[in-house]
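The values are calculated or read from the model by the stated rules, or taken from the named source; none is laboratory data. None of the values given here were measured: they were computed from a predicted structure. Reconstructed Cβ throughout: ideal geometry from the backbone, glycine too, with neighbour counts over all protein chains shown.
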Amino acid sequence: MSDSRHKHSSHDHAGHDHSGHAHAGHSHVVPKKLTPVGKHDHADHACCSHDNAPAVVSVGSGSIDGARLSRFRIEAMDCPTEQTLIQDKLGKMSGIQKLEFNLINRVLGVWHELPSTDPIREAISSLGMQADVMEEGAAQETESLPSPKKPWWPLGLSGVAAVAAEVIHFTDAAPTWVVALIALVAIFSGGLTTYKKGWIALKNFNLNINALMSIAVTGAVLIGQWPEAAMVMFLFTVAELIEAKSLDRARNAIGGLMQLTPEVATVQQDGQWVEVEVKEIALGTVVRVKPGERIGLDGEVVAGQSSIDQAPITGESLPVEKTVGDKVFAGTINQAGSLEYKVTAAANNSTLARIIHAVEAAQGARAPTQRFVDSFSKIYTPAVFALALAVAVIAPLFMGAAWFDWIYRALVLLVVACPCALVISTPVSIVSGLAAAARKGILVKGGVYLEMGHKLDYLALDKTGTLTHGKPVQTDYVLLDEAFGERALAISASLAGRSDHPVSQAIATDFGKDGHLPVEAFEALGGRGVKGEVEGRLYHLGNHRLVHESGLCSPELEARLEVLETQGKTVVLLFDETRPLALFAVADTVKDSSREAIAQLHALGVKTVMLTGDNPHTAKAIAAQVGIDQALGNLLPTDKLQAIEALYAQNHRVGMVGDGINDAPALARAEIGFAMAAAGSDTAIETADVALMDDDLRKIPAFIRLSRDTAAVLKQNIALALVIKAIFLAVTFVGVATMWMAVFADMGVSLLVVFNGLRLLRK
C-alpha cells in the first residue's frame, strides 16, 4: 500500500502543539491488517482462511507463486455437504494448491499449476456435479443465483405413493407385493437424487446425510419395511426442499442488496440526456438523477444540490445534504432536488458492490463455533455409524435377540445419527447475522468477528474523527489590549489564512473571507505558530509555547491560559514585539452520537479508554464530556499499541476504534479493529475487521448486541440439536422410536435451527 495515501498534513500552524497527532486531512482508511507477535488470532485455522476472503482450504505444501486461479460455477454446490466432497476429492490431486469456496454464489476458486482445467472439471463431474468454467480474470458476480428449479410432480407422486403404501399396509387391502411396488414408486420418484448423492458419497468414503439416508432406506427395504422406507424417503425429500428454500432466504438477504441499484441511468451523451444500462456506463460519465430516483453508480456531484437517503450504505436514519464536490453512492435514494454527478466507480466496483462481495466472502471464513461443529461431526458421524453396526449384530449374536428388531433399531439410529442440524445451524446463523449487520451499515469481515464481538469487555477509541468531528472551531475570543480594537481580528485572520492547518483555518473561517489584510514576510514557526508583517509591522500568531519563548507571559495570562487548556481547548495568541493583543481558543467539537454511544457501551458492560496524541488536558476534557472511563494523552502510535498490550496483560478482550494510519498498530493488535466512516474507502472496506460505513459510534454497541444475539442463537441451536438427538438415541435403544419418527426428529430439528438462525435477519 502506498504511504502517500496516508500522509497527514504537517504544516506549521498557529497555536497547536499536539504530540504525534495530526488533525489535518484525517484519512478514513485502515492499513492492511497486521499480525504482530502475540496477537490473538482467533480466526487462524488449518482448513480455512482467517482473512476477508472466501473459505480458503490449503491442499498442498507449496507456495501459490506461479499458480493460476480458475473459477468454476457449480450449481449443485450450495451447502457444506458438497463442499466437503469437493474438498476431499480435489485435495488428493497433484498440482492443486488452494481452494476458495463461496457457497452463496456457488463459485469454486482453484489455485493450481495444471496445464488445463479439464482434470478439475472431470473430478467434480465424478461427484455428480457440473463445473462451468468462468472467464479467466473475470470479476466474481455479486448477485447470488437462485436454486435451480426442479419439477414438482416427482415429489407429489412420491407423497401419494408413500401414503398409499401406509394405508394399504395397515388395512391389508392388497398383497405385500403391491405394497412393495407402490413403496418403490415412492422411493425412486422422490429419492433418486438422494440415492445418487449417497452412492457418490460412499464411493468417496464420506458418511454424509445422503449416504446415511440411503443406507437406512435400503436397510428398511431389505427387512421388508416397505411402507416405512417409502415414508422416510418422502419426508426426507420434503425436509430437504424446505431447508433449501430456507437457505435461499439467507442467501437472498445478501444477494438481494444488489437490487437496490437501478438497471439504467440517465447520462449525458453528445449534449443530450439518454438512458443507458448502468453496467455499460464508463468512468467520468456525467449522470443525472431526478427526485425520487435511486442513484445507479458511485460518483461526485458536479451540479445541483439535494438530500440523499444513504440508509442502504451507511444505515443512517436521516437524509444527508449533498452539494457540488460531495460523494454519492450507488443504491442510495435522491429525495429532493435534481443532481448531476460524475461517475467515479464502475457498477461492479461500487461501494455497494464491494459491501456485498465482502459479506459474501465473510461467510466463507468459518467462525469458531462452525469449526467446532465441523470437527465434532467428523468424529461423531463415523462413531454413531459404528455404534449402529454394533447394535445390529451384538444383541442377536451374543444375547439371542431377534435380528429383525435390532437391525431395525440400528437403521433408526442411522437416521438419528446424521449431524445435519448441527452442521447447517452455524452457517445459516452467521450469514443471517452478517446480512443484518450490513443493513445497519456495519460491514463485518467474517463470522469470527461477529462471534467474537460479544466477548469484548474493553473498547479503546481514538479521539479526532472518532469521538469528535475532527474539524476544530473557534470557541473563545478575548481582546487583551482594548486600544488595539477590532483590528486584532483582521490581523489574526490574515495570518491564520496563510496556514492550512485546521486550528489556523478555524480562526480564519470564523472571521470570514472578506477583510483579510495583505501579509508580507510570512514565516511558519515549527510547532509554535506563524509570523508575518501586516501594514509594515511584525506580528506573531502562536501557541502558549511561542508566547513563553518571546518573554511576554505574565502570571495573569498564564492563569487565563491554564483555565482554557483545562477545558480541552487549544489557545492561540496574537502579539507584537511588546505585548499580547488578543487571545483565541479553538476546540474540536464532540459528535452528538458519541455521548450516547459511550452510555450504551457502559450499559452493555464494556469499559472505555481514549487513546490520543492530544495533550492530557484536552484528553481528560473530551473524556469527561462523553463519559469515557479513562483518557490517555500525548500518545504516539507505538504508545497506543502499548496501551492495548497493557489491557491484554490485565486479561481484557479489547477492541480498537480508529480512522487513520496513526492508529494502525493498535488496530492490528486489538481483537477487533473498527474502521470509522468507511463508505467510499476501498482500503477500509477491504482490510478492517469491522467497517462502520458512517461516523456514528452508536453502531459499535449495535454490533455488540447483534454479536450477543448471534452467540445466543448458536448456543440454542447446538443445545437443541444435541439434546433432541440424545433423547432419540435413548428412545431408539428402548425400541420405541420408528424410522419416520427419526426423520421427523432429525429434519425437524434441522428446520428449527434454520428458522431460529433466520430470526437474526430481523435484528
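Going residue by residue through region 612-630, is there one that turns out to be within 32 Å of the chain's Cα centre (by Cα), of a type in the set (Asp, Glu) and within 23 Å of Leu456 (Cα to Cα)?
Yes, region 612-630 has at least one match.
Which residues, counting only those in region 581-597, are of a type outside the set (A, V, I, L, M) and surrounded by fewer than 23 Cβ atoms within 10 Å (Cβ to Cβ)?
Within region 581-597, Thr589, Lys591, Asp592, Ser593, Arg595, Glu596 qualify.
Out of (1) modelled with pLDDT under 75; (2) out of contact with any helix residue (DSSP H, G or I) (no Cβ under 6 Å at 6 or more places or on another chain); (3) over 30 Å from Asp689 (Cα atoms), what's the single condition that is false for Pro382?
If we test Pro382 against (1) modelled with pLDDT under 75; (2) out of contact with any helix residue (DSSP H, G or I) (no Cβ under 6 Å at 6 or more places or on another chain); (3) over 30 Å from Asp689 (Cα atoms), just (1) comes out false.
Could you look through region 219-239, keep only residues that are surrounded by fewer than 24 Cβ atoms within 10 Å (Cβ to Cβ) and touching a Leu at 6+ places or on another chain (Cβ under 9 Å), and pick out the one that is nearest to Trp152 (Cα to Cα)?
If we take residues in region 219-239 being surrounded by fewer than 24 Cβ atoms within 10 Å (Cβ to Cβ) and touching a Leu at 6+ places or on another chain (Cβ under 9 Å), then Val238 is nearest to Trp152 (Cα to Cα).
Residue-by-condition table, conditions (1) closer than 25 Å to Glu482 by Cα; (2) touching a residue at least 40 places away in the same chain (Cβ under 8 Å); (3) of a type outside the set (A, V, I, L, M, F, W, C); (4) touching a Pro at 6+ places or on another chain (Cβ under 8 Å):
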site	(1), (2), (3), (4)
Gly532	yes, no, yes, no
His540	yes, no, yes, no
Ser554	yes, no, yes, no
Val571	yes, yes, no, no
Met610	no, yes, no, no
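For region 524-559, how many residues are closer than 17 Å to Thr618 by Cβ and either charged (D, E, K, R) or not assigned by TED's automatic domain parsing to the domain that holds Glu486 (or both)?
1
Is it true that Leu387 is in contact with a helix residue (DSSP H, G or I) (Cβ under 8 Å, 6 or more places away or on another chain), over 30 Å from Gly304 (Cα atoms) and modelled with pLDDT of 70 or more?
yes
Please enumerate the residues belonging to region 710-729 that are within 21 Å of Ile209 (Cα to Cα) and among the small types (Gly, Ala, Ser).
Answer for region 710-729, where residues must be within 21 Å of Ile209 (Cα to Cα) and among the small types (Gly, Ala, Ser): Ala719, Ala721, Ala726.
Filter region 199-212 for residues that are surrounded by 24 or more Cβ atoms within 10 Å (Cβ to Cβ) and either outside any helix (DSSP H, G or I) or more than 36 Å from the chain's Cα centre (by Cα) (or both) and give the result.
Correct list: Asn208 only.
Does region 231-239 contain any residue that is without any contact (Cβ under 8 Å) to a residue 60 or more places away in the chain and in a helix (DSSP H, G or I)?
No, there is no match, as no residue in region 231-239 is without any contact (Cβ under 8 Å) to a residue 60 or more places away in the chain and in a helix (DSSP H, G or I).
Which condition from (1) surrounded by fewer than 17 Cβ atoms within 10 Å (Cβ to Cβ); (2) at pLDDT 90 or above is the one that Val110 breaks?
Just one mismatch for Val110, condition (1).
Quick check, is Ser246 small (Gly, Ala, Ser) and either exposed (fewer than 14 other Cβ atoms within 10 Å of the Cβ) or at pLDDT 75 or above (or both)?
no
Please go through region 78-107 and give me each residue that is in a helix (DSSP H, G or I) and at pLDDT 85 or above, ordered by number.
If the condition is that a residue be in a helix (DSSP H, G or I) and at pLDDT 85 or above, then Leu85, Ile86, Gln87, Asp88, Lys89, Leu90 are the ones that fit.
Looking only at residues that are among the aliphatic types (A, V, I, L, M) and within 19 Å of Pro518 (Cα to Cα) in region 529-580, which one is modelled with the lowest pLDDT?
Looking at the filtered set, the residue picked out is Val530.
What do you reckon, is Ser554 out of contact with any Lys or Arg (no Cβ under 6 Å at 6 or more places or on another chain) and closer than 25 Å to Asp614 by Cβ?
For Ser554, the condition - out of contact with any Lys or Arg (no Cβ under 6 Å at 6 or more places or on another chain) and closer than 25 Å to Asp614 by Cβ - is not met.
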